[in-house]
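**Q** The following block contains the structure, expressed as structure tokens.
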Amino acid sequence: MPIKFIRRPEVRIRTGKPDSTIYEHVKQGLLTPPVNLGGNTSGWPEHEIESINGARLSGATDADIRALVVRLIEQRRSVATAA
């Protein structure tokens, strides 16, 4: 299945958070970091944002979200090594 990337304005809409909070959440491990798509372009895999939002919706704690983010980043690595 192809991976769809979404850019920061879309992440802002989907999370309801301003840019500064998005990047603060990346630093805190509450959001996956963006992927460099080449040049000055970056984006987030859509399924990662959906997973994090779903966890929030279900009442996950910050600790739960951090664990989810770690798993999502590990999945990125496994996809990269399989390619």
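The values are calculated or read from the model by the stated rules, or taken from the named source; none is laboratory data. Fair warning: this is a prediction, and the values are worked out from it, not measured in the lab. Note that each Cβ is placed from the backbone with ideal geometry, even for glycine, and that neighbours are counted across all protein chains shown.
Table: residues versus (1) closer than 17 Å to Ala80 by Cβ; (2) aromatic (Phe, Trp, Tyr).
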position	(1), (2)
Met1	yes, no
Phe5	yes, yes
Arg8	no, no
Arg14	no, no
Lys27	no, no
Thr32	yes, no
Trp44	yes, yes
Ile52	no, no
Ala63	no, no
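**Q** Checking the condition under 22 Å from Pro2 (Cβ atoms) and either modelled with pLDDT of 95 or more or surrounded by 12 or more Cβ atoms within 10 Å (Cβ to Cβ) (or both), which residue from Gly29, Gly39, Gly43 passes?
**A** Result: Gly43 is the single residue among Gly29, Gly39, Gly43 that is under 22 Å from Pro2 (Cβ atoms) and either modelled with pLDDT of 95 or more or surrounded by 12 or more Cβ atoms within 10 Å (Cβ to Cβ) (or both).
**Q** Using the structure shown, decide if Asn53 is out of contact with any helix residue (DSSP H, G or I) (no Cβ under 6 Å at 6 or more places or on another chain), under 17 Å from Glu10 (Cα atoms), part of a helix (DSSP H, G or I) and modelled with pLDDT of 95 or more.
**A** In short, yes.
**Q** Specify which of the listed residues (Arg7, Arg14) is exposed (fewer than 15 other Cβ atoms within 10 Å of the Cβ) and either touching a Lys or Arg at 6+ places or on another chain (Cβ under 6 Å) or among the charged types (D, E, K, R) (or both).
**A** None of the others qualify; the one that does is Arg7.
**Q** Follow-up question, since we're still on this one. Look at Arg71 and say whether it is of a type outside the set (Asp, Glu), surrounded by 15 or more Cβ atoms within 10 Å (Cβ to Cβ) and in a helix (DSSP H, G or I).
**A** Here the answer is no, as Arg71 does not meet what is asked.
Every residue, every condition in (1) basic (Lys, Arg); (2) within 12 Å of the chain's Cα centre (by Cα), yes or no:
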| residue | (1), (2) |
| --- | --- |
| Arg7 | yes, yes |
| Arg12 | yes, yes |
| Leu30 | no, yes |
| Asn40 | no, no |
| Pro45 | no, yes |
| Ile49 | no, yes |
| Ile52 | no, yes |
